[in-house]
Amino acid sequence: MSSESDVPTGTTGPAFTIHSLNNYTNVYVSSSAAALDLDSKHVGDLIRALHRETTRELARGGVEYADLRWALTPRATHAEVAFLFDSTAAESNHYGFEFSKSWLPALWRHGPQRTAISQGDILSAPPDWVWKELDEHLVRTNDFPQLATEQYYVLYLTNMSRTQVSAMDAALRDSTAAYLGYVDCSTWTPLKSFMLLPQYAIRDGDALVVPADEDGSPHITPPTRDHGFRLVGVEQTLYGVVLDHRMDNGVPEWADDGAH
């Protein structure tokens with residue numbers, strides 16, 4: 001989940017604010033609780049310890065945990081946006097890296113100062129249905145190619161103002177012919193059920209906060225041209241629990257009940 005909450009931890013300290021706690025795709029907390037037979041108080045202590053160590057690692061890289069709030073939690077005045085690319089139009093098989101040469105400079109110049117960045121392919125789904133969804137929701141200037149669904153590549157950003165969306169859209173359109181347009185994902189749409197995208201980083205100003213090995217080695221190696229980002233690594237277990245934004249992928253039945 002990605003929701004802000006105050007976590008009480010009994011007598012070990014006052015409640016503290018945590019912006020995101022992922023127990024959906026990361027099972028560290030639940031598996032630790034089960035293996036060690038932890039009661040609710042000790043689960044709270046575990047979460048506190050994870051939050052405390054994450055905060056320390058971020059601070060060593062010049063990032064304040066509290067400043068990441070709007071990257072990790074929904075904001076009524078700002079949008080979550082999926083920018084779509086045609087992976088068959090890439091010049092290499094490493095199309096994710098190739099596209100990052102376009103979107104990293106665009107993000108540096110036009111994107112939100114704090115945003116969670118996810119990217120990856122749309123999962124396999126009935127093509128006719130996906131094409132219909134894109135026809136209805138993809139903001140574009142031209143017709144889009146009817147591809148196999150997993151050939152649509154997504155860059156997903158949170159905490160975007162309308163001005164930033166327009167500027168990113170224009171910059172991406174100018175930088176690569178593979179860019180198709182964008183879908184506003186601020187509320188739940190059926191298409192989001194097929195966007196189970198791994199998180200790439202969290203932007204905080206000039207920092208890209210990324211998962212890292214225990215020795216601090218980052219898990220990503222972005223292209224270095226045309227932007228000024230630096231990498232701040234956080235140990236992968238901490239990152240996966242405390243810093244992983246989870247979009248509302250939902251299920252169609254929830255949508256029928258008006259969930260978003």
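The values are calculated or read from the model by the stated rules, or taken from the named source; none is laboratory data. Here the structure is a predicted model, which is why all the values come from computation and not from measurement. Using ideal geometry, Cβ is built from the backbone for each residue, glycine included, and neighbour counts are taken over all protein chains shown. We work out accessible area using only protein heavy atoms, side chains counted, and drop any ligands, DNA or RNA first. Shrake-Rupley method; radii C 1.70, N 1.55, O 1.52, S 1.80 Å.
Restricting ARG75, ARG114, ARG69 to residues that are modelled with pLDDT of 95 or more and open to solvent by 50 Å² or more (accessible area, probe 1.4 Å) narrows the list to ARG114. Of the residues that sit in region 226-243 and are part of a loop (DSSP other than H, G, I, E, B) and either at pLDDT below 90 or among the hydrophobic types (A, V, I, L, M, F, W, C) (or both), which one is farthest from the chain's Cα centre (by Cα)? Per the criteria, the residue is PHE229.
Name the single residue, out of those in region 38-56 being open to solvent by less than 60 Å² (accessible area, probe 1.4 Å) and of a type in the set (Gly, Ala, Ser), that is modelled with the highest pLDDT. Per the stated criteria, the residue is ALA49.
Residues checked against (1) buried (at least 22 other Cβ atoms within 10 Å of the Cβ); (2) among the aliphatic types (A, V, I, L, M); (3) in contact with a Pro (Cβ under 9 Å, 6 or more places away or on another chain); (4) in a strand (DSSP E or B):
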position	(1), (2), (3), (4)
ALA177	no, yes, no, no
LEU180	yes, yes, yes, yes
TRP188	no, no, no, no
ALA201	yes, yes, yes, yes
VAL209	yes, yes, no, yes
ASP215	no, no, no, no
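Does region 115-131 contain at least one residue that is in a helix (DSSP H, G or I) and under 18 Å from MET168 (Cα atoms)? Within region 115-131, not a single residue is in a helix (DSSP H, G or I) and under 18 Å from MET168 (Cα atoms).
Annotation note: Cβ proximity below 7 Å between a residue of region 90-118 that is more than 14 Å from ASP226 (Cβ to Cβ) and a residue that is buried (at least 19 other Cβ atoms within 10 Å of the Cβ) and of a type in the set (Asp, Glu) (sequence gap 6+ or interchain) occurs for ALA90/GLU98; GLU91/GLU98; SER92/GLU98; ARG114/ASP204.
Which of the residues spanning region 141-162 are aliphatic (A, V, I, L, M) and either touching a residue at least 40 places away in the same chain (Cβ under 8 Å) or open to solvent by less than 20 Å² (accessible area, probe 1.4 Å) (or both)?
LEU147, VAL154, LEU155, LEU157, MET160
Surrounded by fewer than 18 Cβ atoms within 10 Å (Cβ to Cβ), touching a Gly at 6+ places or on another chain (Cβ under 9 Å), at pLDDT 85 or above and not in a helix (DSSP H, G or I): does that describe GLY62? Against the criterion (surrounded by fewer than 18 Cβ atoms within 10 Å (Cβ to Cβ), touching a Gly at 6+ places or on another chain (Cβ under 9 Å), at pLDDT 85 or above and not in a helix (DSSP H, G or I)), GLY62 qualifies.
Among the residues of region 119-136, how many are closer than 14 Å to TYR182 by Cβ and either touching a helix residue (DSSP H, G or I) at 6+ places or on another chain (Cβ under 7 Å) or surrounded by 20 or more Cβ atoms within 10 Å (Cβ to Cβ) (or both)? Residues that pass the stated criteria total 4.
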